[in-house]
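Let me begin by presenting the structure, written as C-alpha cells, before commenting on it.
The values are calculated or read from the model by the stated rules, or taken from the named source; none is laboratory data. Please read these numbers as outputs of a predicted model, since none were measured by experiment. Here the Cβ positions follow ideal geometry from the backbone for every residue, glycine too, while neighbour counts run over all protein chains shown. Note: accessible area is taken over every heavy atom of the protein model, side chains too, but ligands, DNA and RNA are not part of it. Shrake-Rupley method; radii C 1.70, N 1.55, O 1.52, S 1.80 Å.
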Amino acid sequence: MTQPRSAADAAQLPENRRAFAQHPRQWAANRYVYPVVSRRSGGISVGINLNPDKVCNFDCIYCSVNRKDPSTVTHVDIAQVQTELDGLLAIVQSGEIYTHDPFDKISPQLRRLNDVAFSGDGEPTTEPLFPQCVRMAAETLAQRRLAEVKLVLITNASMFHRPAVRGALEFMDQHNGEVWAKLDAGTEAYYKLVDRSAVPLDRILANLAWCCQTRPTVIQTLLMRVHNEPPPPAEVDAYIARLAAIMASGGRIKLVQLYTVARQTTESYATRLTTEELEAIASRVRSTLVGVPVAVFD
Ligand code: SF4
C-alpha cells in the first residue's frame, strides 16, 4: 500500500481509526491532563479536564461521559494541573509517548502535537479557575518553546456572556487560541431533545454570535439518529438558518465540523448517522454558507 501523504489521508487508515476510537480521559496517575489522538486535530491533543466532578450544565443524550461511576476528584487544583501538563508535554516532546499504546501505532503524519484543549467531563468555562488555567497553559507552552501549539477551547457556548470568560477568550486570541463551539440544533424543541439543558437556545445563539463577531470560530455539530430518526429536514434548515444569521450579523465561521456518534452514549436511542447522511447534510450547509469550509467526521 502507498504511504498516505497527508494527515487527512492518514486518518482513514485502520490503525489510526482505532486510535481515534480510544478516547480515555486518563493518563497514568494524572487527575486532569491526558493525551488523545484526535482526528479533528490531525494529531495529538493534550486535554485538560476542568470538570473532574463530571458535572455539566448540558445533559446531551449522546454524551460519552460515564456519570454512573462517581468521581473521586471533585475540585480543580491548578498547581496539580500545571505539574501534569508540564510532565505530559515533556513526554510528547521527547517522543516517549510513541512507545505507549495507542500512540505507538499511529502514522507518522499524526505524530505531531496540535493543541492543548480545555475539554473533559463537563463544560470547561463553568469552572471558576478557567481564566487562570488558560494563562497557566499559555505560560507552560511558552516555557517549553511550544508557542506554535494551539490552545483550544471545546465548549457548549453557554457561558460566553460572563466577563471573566470573555476575558479568557480574548487572552486566548493573543496566544494562538481557537474556540470550537457546539451548536447541535436550530430549534428550541430539538435543542431540548438532544442537549437537554436549562440554558435557553437564545442565550447559546447570542453567545455564539458574540464569539464569531470577535474571532473566527469553529462550529461543532453532532448529528445522530434519535429513536432511529435522523434530523428532520426542517430541523436541518433551521440549523443552517441559525449559522447564516450569525454570519449576517458579522460573525466569522472558520469551519463547520459535522460528526456523529462514535462512542458509548448516555442514551442508547442516540445512534450513528451513515456517512451518506452526514455528507448530504454537509452539502446543504455548503450550498447556503458559501465559502465556509465544512468537514465531515463519520
Ligand atoms: S456538553 Fe459535553 S460534557 Fe456536557 S453533556 Fe454535552 S457532550 Fe457531555
Starting from the Cα of residue 254, draw a straight line to each of the lysines and keep only those under 27 Å, dropping any in the same chain fewer than 8 residues away. 150, 182, 192
Under a 5 Å amide H to amide H cut-off, with H placed in plane at 1.01 Å, what residues pair with residue 43 once short-range neighbours are removed? 38
Anisotropy class of the chain from Cα gyration tensor, a/c 1.5 cut: rounded
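Carbon and sulfur together cover what percent of the accessible area of the chain at a 1.4 Å probe radius?
Working: 7050 of 13140 Å².
The value for the chain is 54 percent carbon and sulfur by accessible area.
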Probe radius 1.4 Å, ligands and nucleic acids left out: which of 283, 119 has the largest accessible area, and how do the rest follow? 283, 119
Charged-residue dipole, Cβ positions (Lys, Arg, Asp, Glu), segment 1-182 about Cα centre, Debye nearest 20: 400 debye
No other cysteine beta carbon under 4.7 Å away is the test; run it over the chain and list who passes. 56, 133, 211, 212
Inter-label distance, nm, simple model (7 Å from Cα along the C-beta direction), residue 271/residue 290: 3.9 nm
For segment 83-161 the GluC sites (Glu not before Pro) that pass both the DSSP coil test and the at-most-13 other-Cβ-within-10 Å test are 148
Rounded, prolate or oblate: pick one for segment 200-298, where a ≥ b ≥ c are the square roots of the eigenvalues of its C-alpha gyration tensor, a/c under 1.5 means rounded, and failing that, prolate if a/b is larger than b/c, else oblate. prolate
Modelled label-to-label distance, residue 229 and residue 175, 7 Å Cα→beta-carbon offset: nm? 4.5 nm
At 222 nm, what value in deg cm²/dmol follows for the chain if DSSP H runs of at least 4 each add -39500 (n - 2.57) and the sum is divided by all its residues, to the nearest 500? -11000 deg cm²/dmol
Candidate lysines for bridging to residue 54, where Cα separation is under 16 Å - those fewer than 8 sequence places away on the same chain excluded: 68
For residue 81, what is the net charge nearby, where nearby means another residue's Cβ is under 11 Å from its Cβ and Lys, Arg count +1, Asp, Glu -1? -3
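Could you state the accessible area per residue of segment 166-249 in Å², with a 1.4 Å probe and every protein chain left in place?
That works out to 38 Å² per residue.
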